[in-house]
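Here the structure comes first, spelled out in C-alpha cells, and everything after it is commentary.
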Amino acid sequence: MATTKTKTPAAPSGVIASTQPLPDYGPAPELTREKRLEWYRLMYLTRKFEERAYQSYQTGLIGGFCHLYNGQEAVAAGTFAALHDDDPVITAYRDHAHGLMRGIGPGPAFAEMYGRATGCAKGKGGSMHFFNVERQMWGGHGIVGGQSPLGLGLAFAAKYLDRKKVCFSYMGDGAVNQGAFHEALNLAQLWEIPVVFVIENNKYSMGTAVERHAAPVELYKRAAGYDMMGVRAEAMDFDEVREISWILGERARRENQPAILELMTYRFRGHSMSDPQTYRSKTEIDEFRKSDPVEILRDRILASGTVNAHEIEDLEDKVRKEIATAHEWALASPYPRLSEIYTDIYA
Amino acid sequence: MAKIAYRDAVRDAMAEEMERDSRVFLTGEEVAQYNGAYKCSKGLLDKFGPKRIIDAPISEAGFSGLCIGAAMYGLRPIAEFMTFSFSFVAFDQIVNNAAQIRYMSGGQIKIPIVFRGNSGGGHQIGATHSHAPENIYATFPGLKVVVPAFAADAKGLLKSAIRDDNPVLVIENEALYGRESEVPDGEYLTPIGKANILQEGRHLTIVTHGRSCWTVLEANQELLKMGIQAEIIDLRSIKPLDWPTVFASVRKTHRLVCVDETKPFCGVSAQVAAEVGRACFDHLDAPILRVTSVEAPMPFSSALEDDCIPNVARIVEAVKEVVA
C-alpha cells in the first residue's frame, strides 16, 4: 500500500506519514515503572476479559452483538496513556477496552454483557454501550460514525468552559465514509476545537477491506481536505502509540488544533462473534499475530530489567483470578427488575 | 400585558435565559450575523458575542451532534434548525443520541438541549420544506416535544425547555412568527406537559395545537354564529401530552374533533383519537373526527396547498357532522 513519506526528522518512531510537519514539544513525559506496569496490566486484563467473553458468547451467556478488540489493545492503552485522566474519550461499539481501561471493572462489564442489573449500564446498554462518565468515558456508540460529532461536542464544551482538555474520539476505518464524520472534521478545524479523531484502522470495515471501501486508502489524508493535521502511525507497540498521541493531544490542548490520528492495527478475531471471516486468509491472521501488542509490551518491560519475570507472572496470575471471579460474580448477579424498563428515560 | 410578535417572544426567551445562565449558547445556520433566517435571534450576536451566538455551516448532523456532546458535558445548547424539515438530516443524532444515550448509559448522562425552529406548510415552499414533524419525534421515548401557538407560550415554553434537563424539541411555525399576541409582563414559565383551554364550551371538544389553533379560533367565529359552543384545547405540549385535561373535557362535552397539521396516518390526532376512544368510550355520543394534513406530499401550487392543511371550511364541516 503506497503512502507518502512526509515524516520529519523529529517524528517519533512508529509514525509513517503526516499531512503537516509535527510540532516539536520534546519527548513525552517519562512513564514511571508503576504506571507502565499498570498499562500492561490493563492490556492483559482486556485480553483475558475478551477471551472469557468469547467463551461466554459461544455458550449463550451473551446475547446480541459482541465485537472483540483482540489485537488492538495498544491503541486504547497507548492513546489513553498519553492523556490526562480527566480528558474525555468516546468511541464506537468496539468499546470493551476503552471501558475497562477507564475504570469499568471486569465484574460490571461482564454483568452488562450478561444483561444483569449490576452491569455498568444496569443492563440497558450491553456490549456496545459501555459508559463510565465518572472517568470521562462517554460510550460506547452503536451507529458507525454517529459518535464523531459527540466527541467534537465534548471538546467544544471543554474549550467553552476553559478546561484545557482534549477529547480523543475513536472510530473504526469503516466510519470514515460517513457524512457525520466529515461534518465533524470541518467544524473541528473551522472552530478550532481540541479534538483528536483516532481512526483504528484494522483494515476491514466489517468484511469489506479498506481497499474496497475507501478512496484513498490512506485515511489520514482526509484531514488535508480540511486543512487539518493528519498522521498515520503503527499501532501494535504501546510506546509508539503513546508518543504520537501525546504530541497530537498536547497540540490540541495547547493550540486548540484538531487532528486525525490513523493507527494501523489489526483485529485477531472476526468483526463480531457471528463473523465467519471468509474475506481474509488464516495466513494473514497468523502473520499479524506475530506482532501481538500485549506480548510486545511484556517483552519490552522484561528487557528493560526494571521488572522481573516473577513479578509479571504474579501480576498475570492475579488478573486471571480477577477475571474468573468477575465472571462468576456477574453470573450470580440478578437480572434487572421489569420496572427498570421505565427508568432512566428522562432526567 | 404587552402584545408582541411570536418571533420576538422567541428571541426574548433566549436572551433572558442566556442572561441567566452562562452555559446557554445558540448555534445554527444564519443565527448570528444574519440575525436568524426568520429573525428570531435579532440582536443576540451584539448582546452576547460570537462565543455564544455561533453561525454554523450547513451541517445539521454535525452541529446537532456537537450540541448533544456539549450538553452531555454540561452546557445547555440551543440548536436552531432553519426549518424542522432540515432536522431529518440530523435524524440519527436526535433519535439515537439525544433521545437514548441517557437510557443506554443506565442514567449516567443528562442531555439538556433544545432543538428549535420553524415548521409547517402553507407558504408554497414545496414538499421538502413543509413538514410538521411533531408526531414523528413524539414517538421516541427520551424526547419532549412542544409546539407553541401564541407569543406567550413561544416565550414561556422555550424558557422551560432551556431549563429542562432533557432534550426538548420546540417546534415553531413560519406562519406565526409575525403574529402578535399578549405576553405576560415579567418573568414567567409555561410548564411543559400542560394543555391550555382557549375557550370553554359544552357542545363538543376541539383538540388542536400549533398553527391550527389560529385556524380553529377563526372557524370558531362561524361556529358561534351557528350557536355551537366548542371547548377548544391547545395541547401546547405533544410529549408529554396532558391527557387529564383532554379526557375531562370530552367527558363533559361527549364529542371530539381533533385538528392538527401532521399527516393523518399515525399523526397527533390519530394518537389523541385512540386514547380518547379507550379512556372515554362510555362518554362519547358521536364518532371522533379528525381534520389533519392530507395523505400527500405538500404540493407547490397555492390552489392545491390551501386544501392540504386544516382550513376553516374543513373544520366547520367536521364540527357540524359531530354535533349533528
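Readers should treat all values here as calculations from the given coordinates under stated rules, not as data from a laboratory. Bear in mind that the values here come from a model prediction, so they are computed numbers and not experimental data. For neighbour counting, all protein chains shown are included, and Cβ atoms are generated from backbone atoms with ideal geometry for every residue, glycine included.
Some observations on this one:
- Placing unit charges on each Cβ (+1 for Lys and Arg, -1 for Asp and Glu) gives chain A a dipole about its Cα centre, and among A:ALA17, A:GLY207, A:TYR220 the Cα reaching farthest toward its positive end belongs to A:GLY207.
- Dividing the convex hull volume of the alpha carbon atoms of chain B by its residue count gives 127 Å³ per residue.
- Backbone HN-Hα couplings from phi across the stretch B:307-315 [Karplus 6.51/-1.76/1.60, Hz, Gly and Pro as x]: 8, 8, 10, x, 10, 4, 4, 5, 5
- Amide H contacts under 5 Å for A:SER205, placed H, 5+ residues apart: A:VAL210
- In order along the stretch A:222-235, phi translates into HN-Hα couplings of 4, 4, 4, x, 10, 6, 10, 5, x, 10, 10, 9, 5, 9 Hz, rounded to whole numbers, per the Karplus curve 6.51 cos²θ - 1.76 cosθ + 1.60 with θ = phi - 60° and x for Gly and Pro.
- Other protein chain Cβ atoms within 10 Å, averaged over every residue that makes up B:91-103: 5
- Here B:LYS42 is the anchor, and the aspartates and glutamates within straight C-alpha reach of less than 14 Å, apart from those fewer than 8 places off in the same chain, are B:ASP8, B:ASP12, B:GLU16, B:GLU29, B:GLU30, B:ASP55, B:GLU80.
- A:MET229 long-range amide H proximity, modeled H, under 5 Å: A:ILE260
- Nearest-ten-degree value, helix B:268-279 long axis tilted from longest Cα axis of chain B: 60 degrees
- In the calculated pair-distance distribution of the stretch B:133-271, the portion above 23 angstrom amounts to 32 percent of the Cα-Cα pairs.
- The stretch B:244-317: chymotrypsin sites (Phe, Trp or Tyr not before Pro) falling in loop per DSSP and having at most 13 other Cβ within 10 Å: B:PHE265, B:PHE300
- Residues considered: A:TYR220, A:TYR279, A:TYR335. Largest GNM mean-square fluctuation over chain A, using C-alpha springs under 10 Å, is found at A:TYR279.
- Counts of other chain beta carbons within 10 angstrom of each beta carbon in peptide A:177-185 average 5.
- Selected from A:TRP138, A:TRP329, A:TRP246 as most flexible by GNM, with chain A as the system and alpha-carbon contacts under 10 Å: A:TRP329
- Acute angle (nearest 10 degrees) that the helix B:211-225 long axis makes with the longest principal axis of chain B, alpha-carbon atoms: 20 degrees
- In chain B, excluding the sites themselves, the longest stretch lacking any of the GluC sites (Glu not before Pro) that are in a DSSP loop with at most 13 other Cβ atoms within 10 Å is B:1-186.
- Hydrodynamic estimate: the Kirkwood radius of the stretch B:131-197 over Cα pairs, inserted into Stokes-Einstein at 37 °C and 0.692 mPa s, corresponds to D of 258 µm²/s.
- Rounded to 10°, Cα long-axis angle of helix B:243-253 versus longest principal axis of chain B: 20 degrees
- Selection of trypsin sites (Lys or Arg not before Pro), the stretch B:1-96, meeting DSSP coil and at most 10 other Cβ within 10 Å: B:LYS51
- Candidates A:ILE244, A:ILE193, A:ILE301: whichever shows maximal mean-square fluctuation once chain A is modelled as a Gaussian network with Cα springs under 10 Å: A:ILE301
- Evaluated over the protein assembly as shown, the Cα radius of gyration and Dmax, each in Å: 28.2, 98
- The sum of -39500 (n - 2.57) across all DSSP H runs of n ≥ 4, divided by the residue count of chain B, sets its helix-only mean residue ellipticity at 222 nm to -10000 deg cm²/dmol.
- With a 10 Å cut-off around each Cβ of B:54-63, the average count of Cβ atoms from other chains is 6.
- Where only C-alpha atoms are counted, convex hull volume of chain A per residue in Å³: 137 Å³
- Above-threshold pairs, the threshold being 32 Å between Cα atoms, out of A:LYS48/A:LYS122; B:LYS155/B:LYS263; A:LYS48/A:LYS221; A:LYS124/B:LYS194; A:LYS122/A:LYS221; A:LYS165/B:LYS39: A:LYS48/A:LYS221; A:LYS122/A:LYS221; A:LYS165/B:LYS39
- The relative contact order of the stretch B:203-324, computed from alpha carbon pairs under 8 Å that lie at least 6 residues apart in sequence, is 31 percent.
- Alpha-carbon centroids, the stretch B:214-284 and the stretch A:130-202: separation in whole Å: 45 Å
- For the stretch A:301-347 versus the stretch B:105-165, the spacing of their alpha-carbon centroids is 42 Å.
- The aspartates and glutamates whose alpha-carbon is closer than 18 Å to the alpha-carbon of B:LYS225, local same-chain residues fewer than 8 away aside, are B:GLU200, B:GLU317, B:GLU321.
- All lysines inside 24 Å of A:LYS164 as judged from Cα atoms, apart from same-chain residues fewer than 8 positions distant: A:LYS35, B:LYS51, B:LYS110
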